[in-house]
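Here, each number is a calculation from the coordinates, and none is a lab measurement. Only a predicted model underlies this, so the values are computations on that prediction, with no experimental measurement involved. Backbone-built Cβ (ideal geometry, glycine too); neighbour counts: all protein chains shown.
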Amino acid sequence: MWLPWDYALGLAVLLAATAYGLRHRSAVVAAFAGEAAIVSVLYSLWQYTGALSVLGISGALERGAWLWDLERTLRLPNELSLQEALVPHSFWTQVANIYYAGAHVPAMGIFLVWLFARHRRDYRRWRNTLALVTGACLLIQLIPLAPPRLTSETGMIDTGLAYGQSVYGELGRGIAGQLQAMPSIHVAWAALIGWAVMEVSNGRWRWLGPTHFAITFVVVAVTGNHYWLDGIVAMLLLVPSRILGELIANGVDQLRATTVPTADRAEPADHVTI
């Protein structure tokens, strides 16, 4: 459904070349192109990792069943009960499928453009956070774990497949990407958006961020694509990623302050820095 990883990587190269070519002619456009190149690389890594797995697909179903049993031991709400309450309502089930498939990437794109345009001084720390939490999720996802819809012990169905709205191919084609249940990058990105919007903005529209997160957290579970623990682990990874992302941004600012002469130092808002 979305841009393949190799196309995204090619786009990143094109954007980086654009940023380099415009660095002396239009600092703002160059900065935007540079940031878009970084995001394209992150997107490409996310897509490419879907085809990789350190352990292949061996044990993925067993791990899914084990995680399901662990949730019951921890007395977490049962995802099956939530899905059974939704499935009789065809319209809302299809809305949930569409939100799962269609909101994830565009929401992050809109958020990053908004943050870059309206809150440039906060942009770098959140871009760093995005890179760190995505990388952490991808490393863990190299160990395959089947989602609830592929784990027979859960009793859950694939709502996307039931309505012809699945973003995944047939089982056996691109299967590793379907076994990246733990942790949920959907939830990680949505939680980042919710946190960042509430922190940097004070307008009434800031509640759109947490609302997107709440809907995403429920939708990934009710559609059978993730366990609650997938989202919980993603949120736990976001905290140290946020702290480290800000430390990196502050460290680069301090380094620039000591190495770049004041007369040659442009406004921070017009520079692409880590």
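Before moving on, here are some points about what is shown:
- Relative contact order (%) - criterion: Cα under 8 Å, at least six apart; region: the chain: 25 percent
- Between the labelled values (i) 22.0, 78; (ii) 20.1, 66; (iii) 18.0, 56, the entry that holds Rg and Dmax of the Cα atoms in Å as derived from this structure is (ii).
- Peptides 147-154, 197-204, 227-234 ranked from most to least packed, by the mean per-residue count of other Cβ atoms within 10 Å: 227-234, 147-154, 197-204.
- Helical content of the chain, expressed as a calculated mean residue ellipticity at 222 nm, amounts to -22000 deg cm²/dmol (DSSP H runs of 4 or more residues, -39,500 (n - 2.57) each, divided by residue number, nearest 500).
- Net length available on complete extension from Tyr20 to Thr73 is 13.7 nm, with 0.36 nm assigned per residue and the Cα-Cα distance removed.
- Across region 1-49 the C-alpha pair distances fall into 5 Å bins from zero in the proportions 5, 28, 27, 18, 12, 7, 3, 0 percent.
- Placing +1 on the Cβ of every Lys and Arg and -1 on the Cβ of every Asp and Glu, with nothing else charged, gives the chain a dipole about its Cα centre of roughly 800 debye.
- Between 0 and 90°, nearest 10: helix 60-73 axis offset from the chain longest Cα axis: 80 degrees
- Between region 101-169 and region 1-42, the alpha-carbon center distance in angstrom: 21 Å
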